[in-house]
Amino acid sequence: MHTLTVDLGDRRYPIHIGAGLLARLGELAALHLTARRCLLVTDSRVAPLYGAAATASLAAAGFTVVRHTIPEGEPSKSIEQFMAIQDGLVAMAADRATAVVALGGGVVGDLAGFAAACYMRGVPFVQVPTTLLAQVDSSVGGKTAINHPQAKNTIGSFYQPRLVVADTATLATLERRQLRAGFAEVVKYGVIWDAALFAQLERDLDALLALDPTALAPVIHRCCAIKAEVVTRDEREGGLRAILNFGHTLGHAVETLAGYGELLHGEAVAIGMVAAARLGETLGHTEPGTATRIERLLARAGLPTAFPLLPGDRLLATLTHDKKAVAGIPRFVLASRIGAVTLVDSVAPAALLTITGATT
């Protein structure tokens, strides 16, 4: 087991990474929770695979567990599923010490975390990510949210977990499409922070997609370490943390306009990263050749890289709802080169339409 810490003072918490950690979930959770009651939130795909093991581990450590299962997929990040979790907490007479434990991917973690943040103005929250995307990105940092029909992740809060338990063995049952989608977020960390990591991904891609533990575990650890450092320095996205959104401004727009669930989040981010890199090169912010290098790696991983044909007016309107937008003007994270990015306060609509190929 490898452990690193997100150091937020009295709200610091550990990230545990390793194979077989689901069996130790109860033991690890008991170190950080005062009460022994929890609502285990999972989804219809993960529940049959790992619901019983997670419940047994928690029960062995003295926890009383109530399980709540949501439908699999992005459409579950909705106000209806949020309220269903609230109903579950009320039904079990949960108090302020009752924990919400999220067992699943990014959808489960975002939804359950937001529910935990809101119930009684905040109850303890534990992340148990079972997808690559969640293990390297969404389970760390405290962003929780549900989607609005017109804009992704616009309803939510910053709410840190008490701990993160990432069992890398759960990736063995991950669908290949989900695994590839998670790899997009791994590539993002190389682009925004660590050129050596990006080169490592280019070199070891086949081993990583084959889930070779000697290749995969260090990469997961490195991504978590980068995010932990960024979050420690800027918890609420006042400045530095915005770099974590590389590829997400255009990616979220694509995901929203395609209809939640049509594209996986990582697939949309892959498209957004290539578009952002090409935009940066066009505007003179990005070292020439960067976009091609990013696109080649993502394509080798089996991810989409071409921007879908979208109506320009709808694309521009959706971008005004981006969380980084100021007075309706979206801010963009653009690569300076592999390993570094820059923030641009505004981009001319004509440039966006040209890069994305959106129809006018």
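Please determine whether any residue of region 273-281 is more than 16 Å from residue 348 (Cα to Cα) and in contact with a His (Cβ under 9 Å, 6 or more places away or on another chain). Give the derivation first.
Going through region 273-281, the residues more than 16 Å from residue 348 (Cα to Cα) turn out to be 273-274.
In the following step, the residues that additionally are in contact with a His (Cβ under 9 Å, 6 or more places away or on another chain) were identified as 273.
Yes, some residue in region 273-281 is more than 16 Å from residue 348 (Cα to Cα) and in contact with a His (Cβ under 9 Å, 6 or more places away or on another chain).
In this structure, is residue 106 in contact with a His (Cβ under 8 Å, 6 or more places away or on another chain), assigned by TED's automatic domain parsing to the domain that holds residue 133 and not charged (D, E, K, R)? Can you show your working first?
Numbers: in contact with a His (Cβ under 8 Å, 6 or more places away or on another chain): yes; assigned by TED's automatic domain parsing to the domain that holds residue 133: yes; not charged (D, E, K, R): yes.
For residue 106, the condition - in contact with a His (Cβ under 8 Å, 6 or more places away or on another chain), assigned by TED's automatic domain parsing to the domain that holds residue 133 and not charged (D, E, K, R) - is met.
Under 8 Å by Cβ, and 6 or more places apart or on different chains, what pairs join a residue from region 47-73 that is touching a residue at least 60 places away in the same chain (Cβ under 8 Å) with one that is part of a helix (DSSP H, G or I) and among the polar types (S, T, N, Q)?
Sorted first by the residue in region 47-73, then by its partner, the pairs are 49/170; 49/173; 50/170.
Please enumerate the residues belonging to region 90-125 that are under 16 Å from residue 67 (Cα atoms), out of contact with any Lys or Arg (no Cβ under 8 Å at 6 or more places or on another chain) and surrounded by fewer than 22 Cβ atoms within 10 Å (Cβ to Cβ).
Within region 90-125, 90, 91, 93 meet the criteria.
Have a look at 164, 187 and point out the one that is touching a His at 6+ places or on another chain (Cβ under 8 Å), buried (at least 24 other Cβ atoms within 10 Å of the Cβ) and at pLDDT 95 or above. Spell out the reasoning first.
Working: 187 fails: touching a His at 6+ places or on another chain (Cβ under 8 Å).
Exactly one residue qualifies, and that residue is 164.
Here's a check for you: in region 108-139, which residue that is polar (S, T, N, Q) and assigned to a helix (DSSP H, G or I) is farthest from residue 15 (Cα to Cα)?
Filtering region 108-139 down to residues polar (S, T, N, Q) leaves 127, 130-131, 135, 138-139.
Retained after the next criterion (residues that are assigned to a helix (DSSP H, G or I)): 135, 138.
On the way: 135: 10, 138: 12 Å.
Looking at the filtered set, the residue picked out is 138.
Filter region 306-331 for residues that are surrounded by fewer than 16 Cβ atoms within 10 Å (Cβ to Cβ), assigned to a loop (DSSP other than H, G, I, E, B) and among the hydrophobic types (A, V, I, L, M, F, W, C) and give the result.
Passing the criteria: 306, 309, 325, 327.
Does residue 110 fit the bill of being out of contact with any Phe, Trp or Tyr (no Cβ under 9 Å at 6 or more places or on another chain), more than 29 Å from residue 238 (Cβ to Cβ) and of a type outside the set (Val, Ile, Thr)?
Details: out of contact with any Phe, Trp or Tyr (no Cβ under 9 Å at 6 or more places or on another chain): yes; more than 29 Å from residue 238 (Cβ to Cβ): no; of a type outside the set (Val, Ile, Thr): yes.
Here the answer is no, as residue 110 does not meet what is asked.
Check whether at least one residue in region 297-304 is under 13 Å from residue 272 (Cβ atoms) and surrounded by fewer than 22 Cβ atoms within 10 Å (Cβ to Cβ), and report yes or no.
Of all residues in region 297-304, those under 13 Å from residue 272 (Cβ atoms) come to 298, 303-304.
Adding the requirement that they be surrounded by fewer than 22 Cβ atoms within 10 Å (Cβ to Cβ) leaves 304.
Scanning region 297-304 turns up at least one residue that is under 13 Å from residue 272 (Cβ atoms) and surrounded by fewer than 22 Cβ atoms within 10 Å (Cβ to Cβ).
Return the residues of region 73-93 that are within 18 Å of the chain's Cα centre (by Cα) and either at positive phi or not in a helix (DSSP H, G or I) (or both); say none if nothing qualifies.
Matches in region 73-93: 73, 77, 78.
Would you confirm, using the coordinates I've provided, whether residue 349 is in the same structural domain as residue 239 (by TED's automatic domain parsing), under 23 Å from residue 152 (Cβ atoms) and at pLDDT below 95? Reasoning before the result, please.
On the way: in the same structural domain as residue 239 (by TED's automatic domain parsing): yes; under 23 Å from residue 152 (Cβ atoms): yes; at pLDDT below 95: yes.
Criteria met by residue 349.
For region 177-263, list the helices (runs of 4 or more DSSP H) that sit wholly inside it and hold at least 3 residues that are under 17 Å from residue 153 (Cβ atoms); which are they? Spell out how you get there, then give the answer.
Working: elements: 195-209, 213-233, 248-258.
In region 177-263, the matching helices (runs of 4 or more DSSP H) lie at 248-258.
Considering only residues of region 52-72 that are assigned to a strand (DSSP E or B), hydrophobic (A, V, I, L, M, F, W, C) and more than 23 Å from the chain's Cα centre (by Cα), which is nearest to residue 84 (Cα to Cα)? Don't jump to the end; show me each part of the working.
The first filter runs over region 52-72 and keeps only residues assigned to a strand (DSSP E or B), leaving 64-70.
From the residues that got through so far, the ones that are hydrophobic (A, V, I, L, M, F, W, C) too are 65-66, 70.
Now narrow it down to the ones that are more than 23 Å from the chain's Cα centre (by Cα): 65-66.
Details: 65: 17, 66: 14 Å.
Looking at residues that are assigned to a strand (DSSP E or B), hydrophobic (A, V, I, L, M, F, W, C) and more than 23 Å from the chain's Cα centre (by Cα), I get 66.
Pairs under 6 Å by beta carbon, first residue in contact (Cβ under 8 Å) with a residue 40 or more places away in the chain in region 196-212, partner surrounded by 15 or more Cβ atoms within 10 Å (Cβ to Cβ) and outside any helix (DSSP H, G or I), six or more apart or different chains?
Here the result reads 198/338, each pair linking region 196-212 to a residue that is surrounded by 15 or more Cβ atoms within 10 Å (Cβ to Cβ) and outside any helix (DSSP H, G or I).
I'd like the residue in region 5-51 that is assigned to a strand (DSSP E or B) and among the hydroxyl-bearing types (Ser, Thr, Tyr) and, out of all such residues, is surrounded by the most Cβ atoms within 10 Å (Cβ to Cβ). Quick ask: steps written out before the conclusion?
The first filter runs over region 5-51 and keeps only residues assigned to a strand (DSSP E or B), leaving 5-6, 13-18, 37-43.
Next, only the ones that are among the hydroxyl-bearing types (Ser, Thr, Tyr) stay: 5, 13, 42.
Working: 5: 12, 13: 20, 42: 27.
By that ranking, first place goes to 42.
Is region 192-204 home to any residue that is surrounded by fewer than 17 Cβ atoms within 10 Å (Cβ to Cβ), over 18 Å from residue 135 (Cα atoms) and among the charged types (D, E, K, R)? Show your work before the answer.
Quick first cut of region 192-204, residues surrounded by fewer than 17 Cβ atoms within 10 Å (Cβ to Cβ) only: 195-196, 199, 202-203.
Now narrow it down to the ones that are over 18 Å from residue 135 (Cα atoms): 195-196, 199, 202-203.
Among the residues that remain, those that are also among the charged types (D, E, K, R) are: 202-203.
Within region 192-204 (the criterion being surrounded by fewer than 17 Cβ atoms within 10 Å (Cβ to Cβ), over 18 Å from residue 135 (Cα atoms) and among the charged types (D, E, K, R)), the answer is yes, since at least one residue qualifies.
The values are calculated or read from the model by the stated rules, or taken from the named source; none is laboratory data. As the structure is a prediction and not an experimental result, all values here were calculated from the model. Cβ atoms come from the backbone with ideal geometry, glycine included; neighbour counts cover every protein chain shown.
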